[in-house]
1. Give the long-range amide H neighbours of residue 94: residues separated by 5 or more places, or on another chain, with amide H under 5 Å away, using H modelled in the peptide plane at 1.01 Å from N.
2. Note down the accessible area of residue 80, probe 1.4 Å, to the nearest 10 Å².
3. Summing Lys, Arg as +1 and Asp, Glu as -1, what charge do residues with Cβ under 10 Å from the Cβ of residue 80 carry, residue 80 excluded?
4. Kindly sort 20, 103, 113, 88 by accessible area of their heavy atoms, largest first, with the probe set to 1.4 Å.
5. What are the ³J(HN,Hα) couplings of the range 72-79, residue after residue, when phi is run through the Karplus curve with 6.51, -1.76, 1.60 and θ = phi - 60°? Round to Hz, x for glycine and proline.
6. With all protein chains present and a 1.4 Å probe, how do 8, 102 order by accessible area, largest first?
Amino acid sequence: MFTNNYSTLWRSCLSLLGLSVTLALTGCNNMPSISAPDTPPIHTQTTNNQASSDKKLTKCPPFNPEQTMCTAQYDPVCVKVKNHTGVSYRTAGNACSACGTTSAISYVKGQCS
């Protein structure tokens, strides 16, 4: 009787372990890509004179998501974005994430006003 209960307990433990591993691996496959963030604008305006003349304008490098990895630090920048209606501005969390799309043109330090 003891061996029957032991084998049933052992099979239950293996089943739970298998289920746990399966769920863990499934969760890893559904993780979003961090290399190319596409966050919605925090603040969008369509004026042409968004960047202040006393701030240094930095041009975004060519977009390459395979060779770019951004940190999660918060150092806001105002990014100039090309869209179907012309140009707009949005605040991004940092310079790396500001240039994380093909539509980003350039950015200046600080939040958009």
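The values are calculated or read from the model by the stated rules, or taken from the named source; none is laboratory data. What you see is a predicted model, and the numbers here were worked out from it, not measured in a lab. Reconstructed Cβ throughout: ideal geometry from the backbone, glycine too, with neighbour counts over all protein chains shown. Ligands, DNA and RNA are excluded from the accessible area calculation, which covers all protein heavy atoms including side chains. Shrake-Rupley method; radii C 1.70, N 1.55, O 1.52, S 1.80 Å.
1. Residues meeting the amide H criterion: 75, 77.
2. That residue has around 70 Å² of solvent-accessible surface.
3. Summing Lys/Arg as +1 and Asp/Glu as -1 gives +3.
4. Largest accessible area first, the residues go 113, 20, 103, 88.
5. Here the 3J(HN,Hα) series is 9, 5, 9, 9, x, 9, 9, 9 Hz.
6. Sorted descending by solvent-accessible area, the residues read 102, 8.
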